[in-house]
Amino acid sequence: MDKTIVTAAGVLTIGWVIWFFLFSKKKEYRAAVSSGVQEVIIKVKGGYTPDLIVAKAGKPLRLLFTREEEASCTEMVVFEAFNKSAKLPPYEEVTVELLPEKPGEYDFSCQMGMIRGKLIVEE
Amino acid sequence: MIKQQVIIPSATTGVSGENKGEVRIELPIAGMTCASCTATIEKALASINGISQANLNFASKKAFVSYAPTRVRVGRILRVIKDSGYDVSSEKVTLKIREMTCASCVRKVEDALKGSPGVIGAEVNLGSESAAIEYLSSMTDLKSLKKTIESAGYKTGIEESQSREEDSKVREYRSLLRRFMVAAIISLPVIAVSYPKFFPGLKDMEMDTLRLLWIGASIITVPVLIYSGSSFFKGAVAAFRHRAADMNTLIALGTGMAWLFSTVAVLFPELFPENTIEPYFDVVSVVIALVVLGQALELRAKGRTSEAIKKLMGLQARTARVIRKGNEIDIAIEEVLVGDKVIVRPGDKIPVDGVLVEGRSNVDESMLTGESLPAEKQEGDEVIGGTINNTGAFKFKATKVGKDTALAMIIKMVQEAQGSKAPIQKLADTVSGYFVPAVMVIAVTSFILWYDLGPEPRIILALLGAVTTLIVASPCVLGLATPTSLMIGIGKAAENGILIRNGEAIQVASALDTVVLDKTGTITIGKPALTDVIIIGEGNEKDVVRFAAALEKNSGHPLAEAILQGARTRDIVPSDPEDFKAIPGHGVEGIVDGYRITLGNRKLMDRVGADLGDLEKDSHTLADEGKTPIFISIDGKAAGVIAVSDPLKEDSIEAIKGLKGLGVDVVMITGDNRRTAKAIAKRVGIDRVLAEVLPEDKAREVQKLQLEGRKVAFVGDGINDAPALARADVGMAIGTGTDVAIEASDITLIKGSLLGIQAAISISKATMKNVRENLFGAFFYNTALIPVAAGILYPLWGITMNPILAGAAMAMSSVTVVSNANRLRFLKVTGRDG
């Protein structure tokens, strides 16, 4: 009897893990537009906040990263698809300017790939 | 005329309400090229809510803006100006501020700075003990800013972001060590209590007393979890908020579960069958100790990976002596402005890039160009920031400062390259996304299987299986494998004068099998000289040279300079040609002193119908000597042939031999005639020659080679070769010092020698080998150890993994990867010094 409980609980846990970490929808953040430039402020602490950004194609996108921690994991942010990377010194605002031309999904992450974010570009 | 007083101070928010909340500021604008630009900016500014007036003055390049600080901030105004395509000539600096102890200190300093004339923005950070200040250099300077801070009661120093990072790294290291010590010390009694059989005093204890000790162990392990293990739990929570899981999640879960289970088992033994109570507090504290130690070692090993950048940054000077308002003053290097006259004394480090205006000297440029012989500098010559002046003294005008100097651009490029990815990483990256959740699933599965199918004591084995799985899994190594090796490889390349743009360039370079070398300027020095003049008929040498030089006056041809120089040495002053025409692929023609002259190759002579006679044989002889023959005809009759020769670079032969030794095919490409090209190719050891190639066809030739299935590198001097450089799998621009087009190529060889190609390829090969080693290790480690930890070997051979061993393995995994990458630092680069 106890085996069934344990097994059932285990299967439920597995299901939850898969759902939570792999499939659940993240809260997205739409870039605000000012004078023709889209701007997003991103806080870097244990992760990127926000880590899901929606922007429009064809308009320049300005991402203002402020890293609020010293752990070496997040000292660089890499936008692979745009071939851009930026060093983020602690407690400084660093601007990364991109021009997303094609709509699509673009990942960005710390240098080691452990902290991730996604940029969704729409028409 | 009533002059309205321009209120300069408080060019930021934080203005007192005196002016009914309106402030008028003066901003110097950069980038205005005409009077109509002012209208653009004025319109853009006027559209901002909160600006009551915006006037631009083109002559003084200033903007006068009246605005209400409560409705709009200066930062916004600056951004609008920038978005209109112009810029405000402001300077940014970060100053270190000492003795700030609390938030109100921050406020004090910020207010003092913001109220100071010419300061556009100031942000003070307590955590990093620094202030980021943006100011107008026309109104204030670092000295005044420092005085402002000092008058607020705090001491200052110039902040270099590099040292701030180093400070934070040192702090992190110390913190890790402290956490390790605490965990290690607490582990000792906990281990003793967990294995009572081995300890004389505990061996014979009563069960009840032992239980009390175990409760004690549970309690003293709490600080280990909370203090030593704090980063894991905090990190796990942070990741969780982002719906992500990482290494912190695994360690937090693993140790947390172990502690919970053990505490429950010790406090409520009734819940567990028979004598299955075994506390696992030792697992908790020892694993945390080990993983923290591993992180400390990893940090230290990582510190070595950035050695190359530190060396490059060490080349920068700290101060400069400039002449301002007639006085010689020593200022910080950040304060040097374009146009400043800089004084350099013997032995000084040249602070910024510039052009020599007074005096002369020898400068040691070996750190940047590899030229061991000092370069002579006189008026009009370029000097490069970071090089060292020898025994002369001179003054120069600064042309590039701060981020624009060659050295700064090189450093930036290397830093960006070190942060880039290589295609080989893709698999590891994809896997890491799913890795940790997958491990969690495996851990739960292990628990279920042990509990349902395993022998007694089931619950303990189930727990152990799950905990060990969580602990042994190492997601970090997957992420570390490639970037660490790339970092070192790129740094090593930079130390040898090879600037690699990104990880992809290294990966492709490691697989090259063909190198295409442009002849002029790459294999040869690029300074051709007139070597022979052969006459037929009634002409004389002087006339021939005179006519040739006259035509070459207007020709942009690289050989033109050789002919003009030849004229100069013969004391000939060529007249100007009329009707000058350049015929691509053939030569040039025109009328000089009434004669119709054509100058060019065989094809041109055929075109004008000039019979070459013996000249043809002469030209063959010249070509076989590696010289380029140029025919000249006067009024349609062949008059002579001029030979121009471009000497080989010293190490070309050695370099090409080296490349062939690496298994790379070397191909020469040139616009020169076939015979000459072949002769030179023979001399340097190149078997395959593509001659008489028009500049615009070079890219096509590269493509043809690629269609043969080759991975092709193109090496050229950057300026004319952009299409070919782009077309090649790896484009290498070669040159000396700052005149190389760093932007256009995948790899830039700053030391103008061909030996750099071989070095670039061997460094790339070694780096990729290292990357593959690390990736293999990372994948092998996880795929082998995780199943074992989960218990897969148990049914076969009864083997399970001890959770403490799992902790040790996991801790060492990252250190091993980083240490393996560090091995690259000792790579001996062939053909270079050190």
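What the table shows:
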{"read-out": "Whichever residue in segment B:131-171 is charged (D, E, K, R), at pLDDT 80 or above and closer than 29 Å to B:Ile29 by Cβ and, among such residues, is nearest to the chain's Cα centre (by Cα)", "value": "B:Glu134"}
{"read-out": "Output for segment A:40-92, where each listed residue is facing another protein chain (nearest Cβ under 9 Å) and of a type in the set (S, T, N, Q)", "value": "A:Thr49, A:Ser72, A:Asn83, A:Ser85"}
{"read-out": "Some residue of segment A:37-44 being farther than 22 Å from B:Arg243 by Cα and touching a Pro at 6+ places or on another chain (Cβ under 8 Å)", "value": "yes"}
{"read-out": "Unique residue being more than 9 Å from chain A (Cβ to nearest Cβ), at pLDDT 85 or above, in a helix (DSSP H, G or I) and buried (at least 22 other Cβ atoms within 10 Å of the Cβ) when the list is B:Val467, B:Val436", "value": "B:Val467"}
{"read-out": "B:Ser187 in contact with a Pro (Cβ under 7 Å, 6 or more places away or on another chain), over 26 Å from A:Phe20 (Cα atoms) and among the polar types (S, T, N, Q)", "value": "no"}
{"read-out": "Candidates B:Ala778, B:Ala806, B:Ala811, filtered to the one that is part of a helix (DSSP H, G or I), over 36 Å from the mean Cα position of the chain (by Cα) and more than 28 Å from B:Ser652 (Cα to Cα)", "value": "B:Ala806"}
{"read-out": "For B:Asn554: the one exception among (1) over 30 Å from B:Thr522 (Cα atoms); (2) surrounded by fewer than 18 Cβ atoms within 10 Å (Cβ to Cβ)", "value": "(1)"}
{"read-out": "Any hit, segment A:45-52, residues being acidic (Asp, Glu), out of contact with any helix residue (DSSP H, G or I) (no Cβ under 9 Å at 6 or more places or on another chain) and buried (at least 16 other Cβ atoms within 10 Å of the Cβ)", "value": "yes"}
{"read-out": "Which listed residue, of B:Ser128, B:Ser90, is touching a strand residue (DSSP E or B) at 6+ places or on another chain (Cβ under 6 Å), buried (at least 17 other Cβ atoms within 10 Å of the Cβ) and modelled with pLDDT under 75", "value": "B:Ser90"}
{"read-out": "Count - residues of segment A:93-118 that are touching a residue at least 24 places away in the same chain (Cβ under 8 Å) and within 10 Å of chain B (Cβ to nearest Cβ)", "value": "10"}
{"read-out": "Enumerated helices (runs of 4 or more DSSP H) restricted to segment B:481-583, each holding at least 3 residues that are free of Cβ contacts under 8 Å to residues at least 60 places away in the same chain", "value": "B:541-552, B:560-569"}
{"read-out": "Answer from B:Leu253, B:Leu267 - the residue that is farther than 21 Å from B:Met181 by Cα, within 11 Å of another protein chain (Cβ to nearest Cβ) and modelled with pLDDT of 80 or more", "value": "B:Leu253"}
{"read-out": "Residue match in segment A:27-38 (condition: among the charged types (D, E, K, R) and at the interface with chain B (Cβ under 9 Å from one of its Cβ atoms))", "value": "no"}
{"read-out": "Only one of B:Val72, B:Val106 that is in a loop (DSSP other than H, G, I, E, B) and out of contact with any helix residue (DSSP H, G or I) (no Cβ under 9 Å at 6 or more places or on another chain)", "value": "B:Val72"}
{"read-out": "When residues of segment B:584-619 are limited to those that are in contact with a Pro (Cβ under 8 Å, 6 or more places away or on another chain) and in a helix (DSSP H, G or I), the one nearest to B:Ala548 (Cα to Cα)", "value": "B:Ser619"}
{"read-out": "So B:Glu456, is it within 14 Å of chain A (Cβ to nearest Cβ), outside any helix (DSSP H, G or I) and over 22 Å from B:Lys302 (Cβ atoms)", "value": "yes"}
{"read-out": "In segment B:388-426, the residues that are polar (S, T, N, Q) and in contact (Cβ under 8 Å) with a residue 60 or more places away in the chain", "value": "B:Thr399, B:Gln415, B:Gln418, B:Ser420, B:Gln425"}
{"read-out": "Test: residue in segment B:497-505 that is more than 14 Å from every other protein chain (Cβ to nearest Cβ), surrounded by 21 or more Cβ atoms within 10 Å (Cβ to Cβ), of a type in the set (Val, Ile, Thr) and more than 30 Å from B:Asp624 (Cα to Cα)", "value": "yes"}
{"read-out": "B:Lys82 vs. criteria closer than 22 Å to B:Thr38 by Cβ and free of Cβ contacts under 8 Å to residues at least 12 places away in the same chain", "value": "yes"}
{"read-out": "Count - residues of segment B:369-381 that are surrounded by 17 or more Cβ atoms within 10 Å (Cβ to Cβ) and in a strand (DSSP E or B)", "value": "2"}
{"read-out": "Sole exception among (1) out of contact with any Phe, Trp or Tyr (no Cβ under 8 Å at 6 or more places or on another chain); (2) among the aliphatic types (A, V, I, L, M); (3) closer than 20 Å to B:Val264 by Cβ for B:Leu177, by number", "value": "(3)"}
{"read-out": "Unique match (being more than 14 Å from every other protein chain (Cβ to nearest Cβ) and over 47 Å from the mean Cα position of the chain (by Cα)) among B:Leu212, B:Leu188, B:Leu225", "value": "B:Leu212"}
{"read-out": "Residues within segment B:571-590 that are loosely packed, with under 15 Cβ neighbours inside 10 Å and either among the hydroxyl-bearing types (Ser, Thr, Tyr) or more than 27 Å from B:Glu692 (Cα to Cα) (or both), tallied", "value": "5"}
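Residues checked against (1) touching a residue at least 60 places away in the same chain (Cβ under 8 Å); (2) within 29 Å of B:Ala655 (Cβ to Cβ):
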position	(1), (2)
B:Gly735	no, yes
B:Ser764	yes, yes
B:Thr767	yes, yes
B:Leu785	yes, no
B:Thr800	yes, no
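The values are calculated or read from the model by the stated rules, or taken from the named source; none is laboratory data. On a predicted model such as this, the values are computed, not experimentally measured, just so you know. Glycine also receives a Cβ, built like all others from the backbone with ideal geometry; neighbour counts cover every protein chain displayed.
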